[in-house]
Amino acid sequence: MADLFDKFEGLTNLRNTLVFEKTDPYKIVMEDVISPTEAIIDGKHTILAGTNNYMGLTFDQRCIDAAQNALTMSGTGTTGSRVLNGTYAAHRELEAAIADLYCMEHAMVFSTGFLANLGMISALAGKNDIIMIDADSHASIYDGCGLSDATITRFRHNDAADLDKRLGRLNAGRRVLVIVEGLYSMLGDKAPLADIVAACKKHDAYLMVDEAHSLGPYGANGQGVAAADGVLDQVDFIVGTFSKSVGTVGGFCASNHPDFEILRLASRPYMFSASLPPSVVASATAAIKIIKEDRTPQQNLWRNAKQLHAGLTEMGFQLGADCSPVIAVLIDDRDVAVRSWEQLLDEGIYVNLALPPATPQNTNLLRCSLSAAHTPDQIDQILAAFDKVKNSNSVNQS
Amino acid sequence: MTSVSTLLDAIIKLLEPFNSKSITISGDTSFAHDLELDSLAVMDFVAEMEDHFDIMIPLNILPDLENVGQIVAAVEKIVEQAHG
């Protein structure tokens, strides 16, 4: 009999060609999480250098207090979607805090960052519309496109001239939504937003920027790359997540469009998901306030990023991009990448192993993400582990 | 108007960089089975065709295009619509 799982044969085979000795990324269990930067993995004290916890707020006392208070006062969950019984005063306060952060009129909160992209893209782009996305877009952007009825097309990654050319090919009069990310999560490369904004303005296209990895690290108030590049007021839709710098889970969209509120009755992923629990809403609101007002985490994060980027560069590793809170070490040989990842873990350093097809240009990556909560000593330990790995493997050098 | 055989030749030429097994490409050549292109390579190939013919090929139509002949037919249609 035909098996529904037959289609996974290729994936299973690919999975089986990865040769791990003791452990592999799919078996990693955080047995005890000690702090934003340390956990016990397989009984061993490990420095976490791949958790997207950029601001290090997961154990911040202000966020924990807010969450605990909300848990006690409002219970464990809302048991309903935003359009039924799931809108509490706190959900509105969180949306007001996000709108305030981005100096925009409206904000809508979703139950995950993935849902924010699904919900916004599928609601905004209809049958006669065109969506043009950066080729290296996150899975949630691709799937949001898939959920819409629009015509989907791509432009070359971070190439504003290519975007301009492709927008020019379209028939005048078609409504176009361009979607990019502020900081790309795999290689840690930043979008040239000023040029992308210019191309969108030239062709009358709407622009959505996903600041999932850049909320926190970039901008004078941590809003992201659009603010850092001085073009925030020219972006039509900012999308983001609470699961990275904000330290919890959830997603959002902020916009100045006068009719934005109608999306609450048109976005199915918004309407048919249970709303975020009060404790999550409370810690997110507290974290957004910290990101906006306290520059210390942002400064510490960049100090750490610079230390790691400079150290790895000095060792001769080939890195994915200029310094950012995401630092990807490119390894030519997949088996060397797999072995190096395991050796780093053995040295007490957790990073992300990222392999094709999840990576751009078929690269094998040892992907590090920094946190404001890392100490300079921890960065030294990460560097020492990479140095050991380099010396025990014929890791390619630039 | 471009003839189908010229289109086929042009598309085969654009496919060559993706033909890692150096097989002989014809209209019946399948992307998944014969050329063993993964989804990323298919999309890069689409970008090459878009630039060569100065057209837009929606990602939406890709799941239905399994072999080179089907791509040629789709591109022919789009080129006619775009450039008359």
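Side notes on the structure shown:
- About its Cα centre, the stretch A:188-283 has a charge dipole of approximately 240 debye under the convention of +1 per Lys or Arg Cβ and -1 per Asp or Glu Cβ, with nothing else charged.
- Annotation: the residues A:His91, A:His213, sorted from fewest to most other C-beta atoms within 10 Å of their own C-beta, follow the order A:His91, A:His213.
- Annotation: the residues A:Trp302, A:Trp341, sorted from fewest to most other C-beta atoms within 10 Å of their own C-beta, follow the order A:Trp302, A:Trp341.
- Dipole axis of chain A (+1 Lys, Arg; -1 Asp, Glu on Cβ), positive-most option in A:Met30, A:Ile47, A:Ala107: A:Ala107
- Restricting attention to chain A, close to 60% of DSSP beta bridges with both partner residues there are antiparallel.
- Between A:Val338, A:His257, A:Leu355, the Cα set farthest toward the positive side of the dipole of the stretch A:256-398 (charges on each charged residue's Cβ, about the Cα centre) is that of A:His257.
- Neighbour-count order for A:Ile64, A:Ile152, fewest beta carbons within 10 angstrom listed first: A:Ile64, A:Ile152
- Amide H contacts of A:Thr112 (H built 1.01 Å from N, under 5 Å, at least 5 apart or other chain): A:Gly251
- Model label points for A:Asp322 and A:Asn128, set 7 angstrom from Cα along the Cα-to-Cβ axis, are 4.3 nm apart.
- Put a dot 7 Å past the Cα of A:His257, heading toward its Cβ, do the same for A:Lys289, and the two dots end up 3.1 nm apart.
- Calculated SAXS-style log₁₀ I(q)/I(0) at q = 0.13, 0.23, 0.24 Å⁻¹ - chain B, Debye, Cα scatterers: -0.35, -1.19, -1.31
- Sum of side-chain charges, B:Asp34 neighbourhood, beta-carbon under 9 Å (Lys, Arg +1; Asp, Glu -1): -1
- Comparing mean-square fluctuations of A:Gly146, A:Gly113, A:Gly182 from a GNM of chain A with C-alpha springs under 10 Å, the top value falls on A:Gly146.
- 20 Å Cα-Cα threshold exceeded, pairs from A:Lys244/A:Lys289; A:Lys22/A:Lys244; A:Lys7/B:Lys13; A:Lys7/A:Lys27; A:Lys127/A:Lys165; A:Lys190/A:Lys289: A:Lys22/A:Lys244; A:Lys7/B:Lys13; A:Lys7/A:Lys27; A:Lys127/A:Lys165; A:Lys190/A:Lys289
- Sparsely packed GluC sites (Glu not before Pro) within the stretch A:81-173, loop by DSSP, other Cβ within 10 Å at most 16: A:Glu105
- Residue with peak Gaussian network fluctuation, chain A [Cα springs, cutoff 10 Å], from A:Asn171, A:Asn117, A:Asn128: A:Asn171
- Principal axis analysis of the Cα atoms in the stretch A:61-293 yields extents of 57, 35, 31 Å, listed in decreasing size.
- Between A:Thr112, A:Thr79, A:Thr12, the Gaussian network model of chain A with springs among Cα atoms under 10 angstrom shows the greatest mean-square fluctuation at A:Thr12.
- GluC sites (Glu not before Pro) within chain B: DSSP coil, no more than 12 neighbouring Cβ in 10 Å: none
- Per-residue 3J(HN,Hα) values for the stretch B:27-35, derived from phi via the Karplus relation 6.51 cos²θ - 1.76 cosθ + 1.60 with θ = phi - 60°, read x, 7, 4, 8, 5, 6, 8, 7, 8 Hz in sequence order (x marks Gly and Pro).
- Only one residue of B:Thr6, B:Thr24, B:Ile61 has its Cα farthest out toward the positive end of the dipole of chain B, where Lys and Arg carry +1 and Asp and Glu -1 on Cβ, and that residue is B:Thr6.
- Between A:Asp380 and A:Ile28, the FRET efficiency estimated from the beta carbon spacing at R0 = 22 angstrom works out to 0.40.
- In sequence order, calculated HN-Hα J values of the stretch A:79-96 (Karplus, 6.51, -1.76, 1.60; Hz; x Gly/Pro): 6, x, 7, 4, 7, 9, 9, x, 9, 9, 3, 5, 5, 5, 5, 5, 5, 5
- Dipole magnitude for the stretch A:125-165: computed about the Cα centre from +1 point charges on Lys and Arg Cβ and -1 point charges on Asp and Glu Cβ, it is near 100 debye.
- Rounded to the nearest 20, the Cβ-based charge dipole of chain B about its Cα centre (Lys and Arg +1, Asp and Glu -1) stands at 120 debye.
- Set of the stretch A:282-306 residues, backbone N closer than 18 Å to the point 7 Å along the Cα-Cβ line of A:Asn221: A:284-299
- Contour excess over end-to-end distance, with Cα ends at A:Thr17 and A:Gln234 and 0.36 nm allotted per residue: 73.4 nm
- Placing a label point 7 Å from the Cα of A:Met73 along the Cα-to-Cβ direction, no residue of the stretch A:246-273 has its backbone N under 17 Å from that point.
- Label-zone membership for the stretch A:269-287, site A:Gln61, 7 angstrom Cα→C-beta point, backbone N under 18 Å: A:283, A:286-287
- Size of chain A as Cα extents on the principal axes (Å, biggest first): 59, 57, 55
- Trypsin sites (Lys or Arg not before Pro) restricted to the stretch A:9-87 and DSSP loop, no more than 13 other C-beta within 10 Å: A:Lys22
Just so you know, all these numbers are worked out from the coordinates, no wet-lab data involved. Note that this is a predicted model, so its numbers are computed, not measured. For neighbour counting, all protein chains shown are included, and Cβ atoms are generated from backbone atoms with ideal geometry for every residue, glycine included.
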